[in-house]
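Reading through the structure tokens given below for one structure.
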Amino acid sequence: MARIVIVEDDTPLRVALVRFLTNHGHAITAESSAEDARLAVERVQPDLLIAAVHLPGLDGEAFAKAIHARGMTLPVIIMISQSFQHDSRAGSPEPLIWRISKPFSAPTLLQAVQAALQGQSQREVAD
């Protein structure tokens with residue numbers, strides 16, 4: 001069982017993620033903003049963070065980088081929308097960040113969670 005913090009401002013998706021990952025044995029804390037998630041990360045000390053790329057205030061990518069800049073080695077899964085374009089020319093992705101594209105299937109989410117928790121090298125998980 002892993003402790004996972006989810007930050008997603010889309011309430012139906014956040015609720016579905018909590019239900020799904022709880023049913024797979026994980027302890028979930030869910031928040032709707034990066035600021036609330038930051039507090040949850042400090043309080044819960046999770047094994048994994050799952051964040052939407054588009055969030056109110058601070059986007060998921062910047063939030064993940066801010067967490068890592070504070071010295072936390074927390075793996076992060078960023079849920080990107082199809083309209084989000086990751087510029088691979090900008091250099092290699094952060095070493096602890098995985099990306100999955102919305103919409104994603106349940107098996108894809110489980111694959112990404114398992115890869116992130118086990119520290120596997122695949123950084124982009126495709127459906």
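Every number in this text was worked out from the coordinates using simple rules, so none of it is lab data. Because the structure is a prediction, the values reported are computed rather than measured. Backbone-built Cβ (ideal geometry, glycine too); neighbour counts: all protein chains shown.
Per-structure values
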{"item": "By average C-beta atoms within 10 angstrom, highest first, the peptides 61-72, 10-21, 26-37", "result": "26-37, 61-72, 10-21"}
{"item": "Distance between modelled label sites at M72 and S105, nm, 7 Å Cα→Cβ extension", "result": "3.2 nm"}
